[in-house]
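The values are calculated or read from the model by the stated rules, or taken from the named source; none is laboratory data. Owing to the predicted nature of the structure, the values given are computational and were not obtained by experimental measurement. Every residue, glycine among them, receives a Cβ derived from its backbone with ideal geometry; neighbour counts consider all protein chains shown.
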Amino acid sequence: MQGGFLGSGLDAPWSSSNLIDAYLMGTGSGDGQAKAVAFFVLVPISYVLGLSALLVIISRFYRYTFYVACLLCLLCVAVLDFMGLHTYLELLTIGLLGVIAGYLPMERVNGLVGHPYLLAAAYLLYLGAITIWNVTYPLQIIGVCLSLMIIYLMGQRSGESGKIGACIILLGKYSLFGYIAQIAILQSLHVGLNYIDSEVVVLGLSFVLAFALTIISVELLDRTRAQSSTIDRIYKAVFA
């Protein structure tokens, strides 16, 4: 795809096919792959936030609003999958599942992650399943849940006073900012490490540097917000 995510050598950048691909399908590839990856997560996040705001209002009158909406989305995903179509609706549905999980009492959450050996066994089974059947949508949902439970367990075991626990909590607090910052970091690393011939070295350095720089960027933002009311207001206007 020449000309980036929204453009190609044959289609105009703002053609209906490109707009549908960018805002509904998310299948951009080629030269715009980096932009496609950014869109593929950021667009459904924006949809989840917008839809959740509407569902919160409706839930004042019907308490099971999010459950019904999530079930309808799952049914739509199943129908579209049967037709061979994959859209942003898949990630939006996972986002709605996350919103529903946010309503769970902390005692229940702690109970779900209170069996680390079972959790480890479940994750090993998940890895075996995706090796055999690839990452199908049901397995993707299971993988997201298991990964989040493991991250939560790590933070819980480390304690808020521990460095690992504090770091995990901070990354969770600034998850959206961290994701956007990581896109810029990976783009910079792609350019900066382009002169290295060894693919293994590039992958290793990219992983370590992206991990470290993402944490540093989040730390800097958190400290800057505490010291500057202007930055704090800007952050809240954009991300809160």
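For every residue, the table says whether it meets (1) in the same structural domain as LEU42 (by TED's automatic domain parsing); (2) outside any helix (DSSP H, G or I); (3) surrounded by fewer than 13 Cβ atoms within 10 Å (Cβ to Cβ).
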| position | (1), (2), (3) |
| --- | --- |
| LEU80 | yes, no, no |
| GLY84 | yes, yes, yes |
| ALA122 | no, no, no |
| ALA129 | no, no, no |
| SER147 | no, no, yes |
| CYS167 | no, no, no |
| LEU170 | no, no, no |
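Among the numbered criteria (1) surrounded by 12 or more Cβ atoms within 10 Å (Cβ to Cβ); (2) modelled with pLDDT of 85 or more; (3) over 20 Å from the mean Cα position of the chain (by Cα); (4) not charged (D, E, K, R), which one does SER217 miss?
Among (1) surrounded by 12 or more Cβ atoms within 10 Å (Cβ to Cβ); (2) modelled with pLDDT of 85 or more; (3) over 20 Å from the mean Cα position of the chain (by Cα); (4) not charged (D, E, K, R), the lone unmet condition for SER217 is (3).
Take LEU209 and tell me if it is farther than 14 Å from TYR174 by Cα, assigned by TED's automatic domain parsing to the domain that holds GLY178, without any contact (Cβ under 8 Å) to a residue 40 or more places away in the chain and surrounded by 11 or more Cβ atoms within 10 Å (Cβ to Cβ).
Taking the combined requirement at face value, the residue satisfies it.
Within segment 55-72, can one find any residue that is under 23 Å from LEU42 (Cβ atoms), surrounded by 11 or more Cβ atoms within 10 Å (Cβ to Cβ) and of a type outside the set (A, V, I, L, M)?
yes
What's the number of the condition GLU107 fails, among (1) over 24 Å from LEU71 (Cα atoms); (2) surrounded by 12 or more Cβ atoms within 10 Å (Cβ to Cβ); (3) charged (D, E, K, R)?
(2)
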